[in-house]
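Please treat every number below as a calculation from the coordinates, not as lab data. Predicted model, so just to flag it, every value in this text is computed and none were measured. Note: ideal-geometry Cβ built from the backbone for every residue, glycine included; neighbour counts use all protein chains shown.
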Amino acid sequence: MRIFTLLGLLILFTISIQAQTVNTDVQEEHSEFLLNDHAQEKSLPLGGGLVFRTVKIYPNPVTHRTMHVSPVNLSVYGYQIYKTTGEIVEIDNLIGRDDFEIILLEGIELGSYYITFHTSHGDITHNFILLD
């Protein structure tokens, strides 16, 4: 019985090492296209370098009901703010506006939210906490 248990552990260990090797090979093979899920930054090859495309929000947690927004190498066409339950709290269409740097969160309850930006390179979603 112990021989089968040790043999099973050896097989699992071997499979684990092989899976890590395959994963590393795939990452190296496709390293030209990166997607960081946490910050949702998209990198695309352009003239020998990488161009990062994202929308930065700060501060997080948001204080004084003012969220600062900084698009990086893309255009923002609109945004949706919704609760963690999925209920939409605010929608804004930004087409035709030149200056988009601040979102005022007046009339929104304190708590945890998601904001999805509709951009020239797809949707980018961040979570944030609204404090007073």
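Net charge within 13 Å of Y113 by Cβ-Cβ distance, Lys/Arg positive one each and Asp/Glu negative one each, not counting Y113 itself? Before the final figure, lay out each step's value.
Values: positive: R65, K83; negative: E87, E90, E109.
Counting the neighbours of Y113, the net charge comes to -1.
Here the contact order of segment 54-113, divided by its residue count and restricted to Cα pairs under 8 Å and six or more residues apart, works out to 33 percent.
Please work out the FRET efficiency for the pair Y114 and T63, using the Cβ-Cβ distance as r and a Förster radius of 22 Å; give the result to the nearest 0.05. Present the calculation step by step, with values, prior to reporting the outcome.
Details: r = 18 Å, r/R0 = 0.83.
According to the calculation, E is roughly 0.75.
Based on every Cα atom in segment 54-130, Rg and the maximum pairwise Cα distance Dmax equal 11.6, 32 Å. Modelled spin-label separation between E90 and T125, with each label point placed 7 Å from Cα along the Cα-to-Cβ direction: 1.9 nm. Of all DSSP-defined beta bridges confined to segment 54-130, some 95% are antiparallel rather than parallel. Other residues within the sphere of radius under 13 Å centred on the Cβ of D132, judged by their own Cβ, net out at -1 (K and R +1, D and E -1). Spin-label pair I102-V51: with each label point 7 Å from Cα along the Cα-Cβ axis, the two points sit 3.0 nm from one another.
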